[in-house]
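In what follows, a structure is listed as structure tokens, so that the remarks can point back to it.
The values are calculated or read from the model by the stated rules, or taken from the named source; none is laboratory data. Here the structure is a predicted model, which means the values were calculated and not measured. Cβ placement follows ideal geometry from the backbone for every residue including glycine, while neighbour counts extend to all protein chains displayed. Heavy atoms of the whole protein, side chains included, go into the accessibility calculation; ligands, DNA and RNA do not. Shrake-Rupley method; radii C 1.70, N 1.55, O 1.52, S 1.80 Å.
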Amino acid sequence: MSQGACVRCLPASYQEVLAKSIPAGESLREATQRRLRRFSELRGKSMAAGEFWDIVVITAADEKQELAYKQQLSEKLKKKELPLGVQYHVFADPPGAKIGNGGATLCALRCLEKLYGDEWISFTILLIHSGGYSQRLPSASALGKIFTALPFGSPIYQMLELKLAMYIDFPSHMNPGILITCADDIELYSIGESEFIRFDKPGFTALAHPSSLTVGTTHGVFVLEPFNHLEYRDLEYRSCHRFLHKPSIEEMYEFDAVCRPRKLFQQGFAGSDIPSLRLEAEYVYTDSLFYMDHNTAKKLLAFYEQIGTLHCEIDAYGDFLQALGPGATVEYTKNTLNVTKEDSELVDMRQRIFHLLKGTPLNVVVLNNSKFYHIGTTEEYLFHFTGDSNLKSELGLQSIAFSLFPSIPEYSTNKPCIIQSILDSTCSVKPGSVVEYSRLGPDVSVGENCIISGAYVKTTAVLPAYSFVCSLSLKMNGHLKYSTMACGVQDNLKKNVKTLSDVKLLQFFGVCLLSCLDIWNLKVTEELFSGNKSCLSLWNARIFPVCSSLSDSVTTSLKMLNAVQNKSTFSLNNCKLLSIEEMLFYKDVEDMITYREQISLEITLNRKQSDLETSY
């Protein structure tokens with residue numbers, strides 16, 4: 001997906017000014033809260049035909065991730081946190097080359113055909129792409145970004161529940177077909193009380209959001225057919241001439257994607273890259289989710305059956321949508337600037353998809369009072385959960401969500417955010433930090449802008465500002481073990497080098513990795529890295545200790561982190577070490593779910609006890 005987001009492209013300083021200068025639209029907040037209330041009423045209830053989705057599909061990167069997703073889905077259904085009577089499925093990508101969300105879409109169609117035969121063409125289906133390992137938000141790596149916790153709800157909402165809530169009106173106004181979305185973005189919108197978004201036209205139908213031209217460079221941009229209405233409406237049905245994938249600003253002008261103001265917008269554009277977009281500002285319409293009818297889905301499935309196996313990455317947005325509309329041309333198939341890995345088959349495959357879909361309509365539902373948020377990076381995550389973000393107001397995000405923590409001091413700017421955690425009364429958590437699914441004991445001090453996930457800190461400890469600490473349960477040779485990834489929230493885990501001599505170009509907590517290895521008494525050898533030896537990164541660096549208890553794991557990783565910060569020594573030479581890549585291979589999902597459940601149970605019991613004491 002063109003996963004730019006309306007706020008993600010902004011520097012932090014601009015984000016703060018933007019959040020303060022554009023008040024959250026009351027109608028947007030009210031519409032969002034109505035959908036949340038309606039979804040809350042459906043949790044744990046059996047759905048009648050046509051009342052909800054017939055099928056909800058989540059894609060996974062591989063069989064290991066598929067199993068983790070299925071375990072979590074099973075827990076949610078057992079605890080009646082989701083609507084019942086719906087078929088929930090997880091489909092893993094086949095082994096081999098990365099195939100992108102376009103390839104995952106094709107695989108999902110084949111899985112549906114195998115499970116349901118011809119019957120699937122009569123269903124309304126929600127397809128959520130959640131494959132990948134969230135290297136830009138590694139706290140979501142083990143259990144998946146679709147299961148990222150949000151700071152509201154009881155029980156706590158995760159991204160899956162939010163997706164289902166925000167799309168709650170769609171199934172009853174949708175012809176049989178498939179709605180395709182991604183796991184780490186949020187679409188909020190407001191339309192008239194008597195209006196509904198309809199997905200009932202042949203071909204593709206996509207949602208569109210007004211955005212600045214800068215945001216358009218990281219998104220898909222719609223070139224719409226001319227429209228005669230002078231006033232903006234919250235909901236407009238438009239035809240699309242062509243679709244541009246992450247175009248330059250020059251291309252937006254060249255292909256007439258830039259819109260000039262009609263009459264007054266009620267609120268600022270989604271993702272404006274300046275503090276306040278003036279009424280005379282030009283804008284573009286950018287993408288989010290899209291629908292395809294079953295005839296189109298069957299055409300894509302027949303194509304996939306014909307080619308057999310994919311060996312390259314296909315983008316459901318860049319490769320499907322760019323083929324649509326009367327103005328589509330084949331030139332984009334040769335542009336590989338936005339491709340993470342160029343493959344010899346890619347251009348040929350793109351051209352075949354273009355000719356397959358050429359002439360298929362692209363209908364656009366313009367939502368002029370809408371927001372599109374992305375929560376796929378540590379920076380976005382911290383900003384939206386702790387900053388003065390519009391999203392906090394629109395979704396009702398809380399500073400303390402289903403947690404035991406005495407109080408949060410009033411700060412003039414950001415607050416910390418505590419999600420399903422138990423913190424001792426002597427703990428301190430600085431502004432801008434998120435603590436989730438964790439236990440922090442006496443005199444634990446968490447610095448500013450940290451992310452703490454799944455941790456257990458028993459004794460006095462200082463977590464430096466901008467720390468990232470995430471603990472995983474592991475099953476190794478039949479034994480339960482623990483390992484904690486500890487680094488900086490701003491560390492680039494994806495950055496890689498090809499040779500050992502270039503390891504000096506990698507940074508850990510802002511320090512050259514070579515210097516860190518000296519501090520930890522580790523040598524630079526091929527054995528230091530797992531997996532592909534021509535792709536060396538923090539992701540596959542074996543630097544994280546394995547321990548027998550969760551608390552020891554956190555303590556040991558914090559010592560290595562503090563050693564780097566204090567330029568002292570802490571030898572890891574005698575420790576069993578894993579990379580993050582290996583942690584995910586050994587992860588014990590069941591134990592991590594159990595740990596979270598224990599925290600939940602203790603919070604619930606404590607609250608009941610408090611209520612009893614209050615009643616006396």
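For region 398-601, what is the accessible area per residue in Å², given a 1.4 Å probe and the full set of protein chains?
Accessible surface, normalised per residue, equals 42 Å².
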Discussion item. Just to confirm the number: angle between the C-alpha axis of helix 26-42 and the first principal axis of the chain, 0 to 90 degrees, nearest 10?
Written reply: 70
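Roughly how big is region 82-167's charge dipole about its Cα centre, with Cβ charges of +1 (Lys, Arg) and -1 (Asp, Glu), in debye to the nearest 20?
Values: 6 positive and 5 negative charges, 69 e Å.
Dipole of region 82-167, to the nearest 20 debye: 340 debye.
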Practice prompt. Please give the residues of region 306-335, grouped as numeric ranges, whose backbone N is less than 20 Å from a label point set 7 Å along the Cα-to-Cβ vector of ASP348.
Written response: 306-315, 319-320, 330-335
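Give me the dipole magnitude in Debye, nearest 20, for the chain about the Cα centre, with unit charges on the beta carbon: positive for Lys and Arg, negative for Asp and Glu.
Values: 60 positive and 69 negative charges, 161 e Å.
It comes to approximately 780 debye.
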Discussion item. Counting only helical runs of four or more DSSP H residues, what would the 222 nm mean residue ellipticity of the chain come to if each run contributes -39,500 (n - 2.57) and the total is spread over all its residues?
Written reply: -9000 deg cm²/dmol
Practice prompt. Express in nm, to one decimal, how much length is gained between TYR232 and LYS523 on full extension, taking 0.36 nm for each residue of separation and deducting their alpha carbon distance.
Written response: 98.5 nm
Worksheet item: Nearest 0.05, what FRET efficiency do LYS334 and LYS498 give at R0 = 25 Å with Cβ-Cβ as r?
Response: 0.40
Discussion item. Which order do the peptides 439-449, 25-35 come out in when sorted by mean C-beta neighbours inside 10 angstrom, highest first?
Written reply: 439-449, 25-35
Item to complete: Report, in whole Å, the centroid distance computed from the Cα atoms of region 486-540 and region 418-466.
Response: 27
Item to complete: State the label only: which of (1) 1.13; (2) 0.96; (3) 1.22 corresponds to Cα Rg over 2.2 N^0.38 Å computed from the shown model?
Response: (2)
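Antiparallel versus total DSSP beta bridges in the chain: what percent is that, nearest 5?
Details: 50 of 96 bridges.
So the antiparallel bridges amount to about 50 percent of the total.
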Discussion item. Among GLY432, GLY376, ILE452, which residue has its Cα furthest toward the positive end of the charge dipole of the chain, with +1 on Lys/Arg Cβ and -1 on Asp/Glu Cβ?
Written reply: ILE452
Worksheet item: Tell me, how many Å apart are the Cα centres for region 146-207 and for region 108-135?
Response: 16
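Placing +1 at every Lys and Arg Cβ and -1 at every Asp and Glu Cβ, with all other atoms neutral, what dipole size does region 398-601 have around its Cα centre, in debye to the nearest 20? It would help to have the intermediate numbers written out before the result.
Working: 18 positive and 17 negative charges, 83 e Å.
Value, rounded to 20: 400 debye.
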Discussion item. I need to check one value: relative contact order of the chain, counting alpha carbon pairs closer than 8 Å and at least 6 residues apart, in percent.
Written reply: 14
Worksheet, complete the sentence: Taking 605-612, 170-177, 392-399, 53-60 and ranking on average Cβ neighbours within 10 Å, highest first, one gets 53-60, 392-399, 170-177, 605-612
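Remind me, relative contact order of region 398-601 in percent, using alpha carbon pairs under 8 angstrom and six or more residues apart?
Numbers: 469 pairs, mean separation 34.6, N = 204.
Across region 398-601, relative contact order equals 17 percent.
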Worksheet, complete the sentence: With all protein chains present and a 1.4 Å probe, the order of LYS45, LYS201 from largest accessible area down is LYS45, LYS201
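Specify whether the C-alpha gyration tensor of region 398-601 places it in the rounded, prolate or oblate class, a ≥ b ≥ c being the square roots of the eigenvalues: rounded for a/c under 1.5, otherwise prolate if a/b is larger than b/c and oblate if not. Let's see the in-between values first.
Working: a/c = 2.02, a/b = 1.48, b/c = 1.37.
Cα axes put region 398-601 in the prolate bin.
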Worksheet item: Ordered by residue, what ³J(HN,Hα) values in Hz, to whole numbers, does region 242-259 give under the Karplus form 6.51 cos²θ - 1.76 cosθ + 1.60, where θ = phi - 60° and Gly and Pro are x?
Response: 6, 10, 10, 9, 6, x, 6, 4, 4, 5, 4, 5, 4, 9, 6, 8, 7, 9
Worksheet item: Calculated FRET efficiency, SER407 and GLU597, Cβ-Cβ r, R0 30 Å, to nearest 0.05?
Response: 0.70
Worksheet item: Relative contact order for region 70-134 using alpha-carbon pairs under 8 Å, separation at least 6, rounded to a whole percent?
Response: 27
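If you take the beta carbon distance between VAL258 and ALA97 as r and set R0 to 41 Å, what does 1/(1 + (r/R0)^6) give as a FRET efficiency, to the nearest 0.05?
Working: r = 37 Å, r/R0 = 0.91.
Approximately 0.65, to the nearest 0.05.
Classify region 554-616: rounded, prolate or oblate, from the alpha-carbon gyration tensor (a ≥ b ≥ c, eigenvalue square roots; a/c under 1.5 rounded; otherwise prolate if a/b is larger than b/c)? Intermediate results must be reported in sequence, preceding the final value.
Values: a/c = 5.23, a/b = 1.97, b/c = 2.65.
Verdict is oblate for region 554-616.
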